[in-house]
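Bear in mind that the values in this text are calculations on the coordinates, not laboratory data. On a predicted model such as this, the values are computed, not experimentally measured, just so you know. Note: ideal-geometry Cβ built from the backbone for every residue, glycine included; neighbour counts use all protein chains shown.
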Ligand code: CS2
Ligand code: MG
């Protein structure tokens, strides 16, 4: 089953997506997501210039060997560009294998562990009240889990909060990086109040989540985790920048608030200390950045030994191809926790068709062979790539900070 063709489709139906299509001699093809938000063309160049020529002619069934060929064989290991490229190939090959077996991907992985996949929605507002109105709407729609991000008084823009209430949040919205301002003090004074009011208004059952987006130091994160304990969060996400895995020990010693991390990780090695020493509760690396099904499955199995569950990153900057593969993975993986969900624009859904459904706050996997997501290449051509960068962050005195 030789691979005869492999090419990229770069399209911007609402926002930029990079899709890899791998075609075999029998005509069966597979799709993988190669989107790396704000750095899209680096993955395109890496694949086109260095990887795809060596993929042509290989046997599409040898997923494991192909993974190691492009991981070990590149000599230069890991990193977001390389791993996004390997992920796209891997997911396309799993799609092909499942189509050849005439099975939906979750069956090939081992069958279902659950009937539906719980998802959390983003609820944002310029202040606490408008954020809670969004929570109300989402609860009415059936969500059982919501992520709360509200504008911090005294700073002009806050991570996760749309420019105007009711608008869609899209961080990569200018050609060159926009500059945001950050104040840890103002933020720490505001967040516990948001969750106090939310818990009081919505009662004990709704799952509440929050994303710090890497901005605190370990001791500040420990303080926040402690302050949020009375409101029993489902998780506190990316509370510190995680290059130093040991820093989580300090946070863990101080708080029982569950911790999620890993949306910017791309390897099992990024997690070794965090998992082995039980310093976190959820792993977030998406299939499209963590080496595909082949490698993310190893992360999930390693995490399971320590009661750590999955909570895949799932904003709209990962394409429906990644989400489709994730819904299959989530349906299978024994130690599933939750799936992030940010609905796509109608335009995106016109270009990418999918057979998963979303009902009452849950994804329901489809039964089509493969991962069930396809692309309309003709429509994709109507929406050319537009350069768009993620913002940067500065402290009030001008110091460059984590965004
Ligand atoms: C985020 C993302 O979804 C999340 O939890 O942290 O919105 C993140 O900012 C983007 O994926 C960056 O591209
Ligand atoms: Mg996040």
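Ranked highest first by average number of other Cβ atoms within 10 Å, how do 359-368, 143-152 line up? Intermediate results must be reported in sequence, preceding the final value.
Numbers: 359-368: 17.4, 143-152: 23.1.
Taking the mean over residues of other Cβ atoms within 10 Å, the ranking is 143-152, 359-368.
Share of pairwise Cα-Cα distances greater than 15 Å in the stretch 2-104 is 58 percent (whole percent). Springs between alpha-carbon atoms under 10 Å, Gaussian network over the chain: tell me which of 185, 193, 64 tops the mean-square fluctuations. With Cα springs under 10 Å in the chain, the top fluctuation among 185, 193, 64 is at 185. A straight line joining the Cα centroids of the stretch 20-37 and the stretch 96-137 runs 22 Å. The three principal axes of the C-alpha atoms in the stretch 45-144 carry coordinate ranges of 56, 33, 18 Å, sorted with the longest axis first. Projected over all directions and averaged, the alpha-carbon convex hull of the stretch 213-290 occupies 4.6 nm². Separation of the stretch 337-403 from the stretch 249-324 is 19 Å, based on Cα centroids.
Against the 2.2 N^0.38 Å scaling, with N counting residues, where does the chain land? I'd like the Cα-based Rg ratio to two decimal places.
Working: Rg = 20.5 Å, N = 403, 2.2 N^0.38 = 21.5 Å.
Here the Cα radius of gyration is 0.96 times the empirical estimate.
Suppose R0 equals 25 Å. What FRET efficiency, 1/(1 + (r/R0)^6) with r the Cβ-Cβ distance, do residue 45 and residue 4 give to the nearest 0.05? Taking R0 as 25 Å, the efficiency between residue 45 and residue 4 is 0.65. The helix-only estimate of mean residue ellipticity at 222 nm for the chain, built from DSSP H runs of length n ≥ 4 each weighted as -39500 (n - 2.57), is -10000 deg cm²/dmol after division by the residue total. Under a Gaussian network description of the chain, with springs only between Cα atoms under 10 Å, the residue in 356, 75, 29 that fluctuates furthest is 75.
Ratio of Rg to Rh for the stretch 259-381, alpha carbon only, Kirkwood? Intermediate results must be reported in sequence, preceding the final value.
Values: Rg = 14.9 Å, Rh = 14.9 Å.
Rounded to two decimals, Rg/Rh equals 0.99.
Inter-label distance, residue 254 to residue 168: 3.8 nm, where each label sits 7 Å from its Cα along the C-beta direction. Compared with the dominant principal axis of the Cα atoms in the chain, helix 320-332 is inclined by about 80°.
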